[in-house]
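Some notes on the structure that comes next.
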Amino acid sequence: MNTPFNDWDDAPLSLAPETSRAAVAADTTAETPPARQEAAALAPVKAADKRVVNGRGDINQLAPFKYSWAWEFFLKANRNHWTPTEINMAQDVQDYHHKLTLPERHMFENVLAYLTTSDILAMRNIGLAVMEKMTAPELQIYQARQVFEESLHTWTYQHCIETLNLDQQDIYNRYRVVPAIHGKIALANRRLEKILVSDLDLTDREILHEFVLSYLFFAGIFEGCWFYNGFSPIFALQRRGLMKGTAEQFQYIMRDEVLHCAFGLRVIRELMREENLQLDPRAVAELWLEADAAEEAYARYILREAILGYSADLHMGQFRFVANRRARQMGLPEPFPGATATLPWLDEQANLRKEKNFFETRVTEYQTGGSLAWE
Ligand SMILES: [Fe+2]
Ligand SMILES: [Fe+2]
């Protein structure tokens, strides 16, 4: 039987004799305690003193804002809330077990396997490596919401895996045993390991550069390209009337990821301006090349046999097209000049609104506020 939790049963912390209240009160010769002197000396926070990193201001005081756009991101993110159990998955069970072809099932399972591992990585990156380096609370508050959203995404994949009765042992271990999935995860892990250090000295220019590269990788590539384009194979099924519940779940995730990417790129631009930092073009080019090679191996594996309306070539064409967009958002040269949109319907998926009512699975639009402007 579980023991009920009673917070009133907690024993009060006892003060050690030498620091008891009575002892402090009796010491009338003591001068003003240092903490009180410090409190009296604090000056009001000025917005202009805030910095993305390396700030010395009061991290506990939200306003005055310097980055009011970050607060707007937080409010916007809260309008896109849903939980995976609200979406009807009944037809997906039928589709998966009776309608999908073997190549379609291969693709579906491996996309799910990749995504579920990726979202945990994304959560650890923003929550453990990035957030603590920020020195303005309005930035941290959006990132705290982002941490929650990444965990919600993990719940969503788990809900799909459970609903479809997939072998969890098999799905969750694929990133370890399938080299094409492992390649993407390993690349992201390498980036994360470099900055997953709490005393990273961001006043050191080289270390700061490494931190920004890593943030750029996660916001611009991992979320902005790999996630943004990562749901496309499932959307291709949805466009044929298959796996519509899963696809709807992924559309909600995609909305979050678009915001994560836009927020991250904005933070990086502000940081670079404040710190007067330029990125090494060779290091950025290497980021894109590594990401492209890993994505290509992944696409060739999940789509080793083309499925109706989708192929590895279409996937890679769209990846390069979106990569150019992310580079432009950062004011960087396009890594894949001339790439064209091979999946012109993808942006529409990200901007789907209630009135289009593609899915017939839900009768309400879950967005709780006004319309969202994505990019
Ligand atoms: Fe996510
Ligand atoms: Fe994300």
At a 10 angstrom cut-off on C-beta neighbours, averaged per residue, how do the peptides 292-301, 166-175, 314-323 rank from highest to lowest? 314-323, 292-301, 166-175
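Using just the Cα positions, wrap region 87-356 in a convex hull and report its mean projected area in square nanometres, one decimal place.
14.0 nm²
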Can you compute the charge dipole magnitude of region 87-356 about its Cα centre, using +1 on each Lys and Arg Cβ and -1 on each Asp and Glu Cβ, nothing else charged? Give it in debye, rounded to the nearest 20. 620 debye
Dipole of region 200-314 [Lys/Arg +1, Asp/Glu -1 at C-beta], most positive-end residue of L202, V267, P281: V267
Quick calc, region 183-309, dipole around Cα centre from Cβ unit charges on Lys, Arg (+) and Asp, Glu (-), nearest 20 debye, gives 740 debye
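I need the fraction of alpha carbon pairs in region 82-207 separated by more than 27 Å, rounded to a whole percent.
32 percent
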Take the cross-link list K76/K133; K66/K133; K184/K244 and give me the ones stretching past 19 Å between alpha-carbons. K76/K133; K184/K244
What's the ranking of 204-215, 142-153 by average number of surrounding C-beta atoms within 10 Å, highest first? 142-153, 204-215
Placing +1 at every Lys and Arg Cβ and -1 at every Asp and Glu Cβ, with all other atoms neutral, what dipole size does region 138-228 have around its Cα centre, in debye to the nearest 20? 320 debye
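Report the net charge of residues surrounding R300, where surrounding means a beta-carbon distance below 14 angstrom and charges are Lys +1, Arg +1, Asp -1, Glu -1.
-3
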³J(HN,Hα) across region 57-69 via Karplus (A = 6.51, B = -1.76, C = 1.60, θ = phi - 60°), whole Hz, x for Gly/Pro? x, 7, 6, 8, 10, 5, 10, x, 6, 9, 10, 5, 4
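The numbers here are math on the coordinates, done by the rules we state, and not lab data. As the structure is a prediction and not an experimental result, all values here were calculated from the model. Counting neighbours? That spans all protein chains shown, and the Cβs are built from the backbone with ideal geometry, glycine included.
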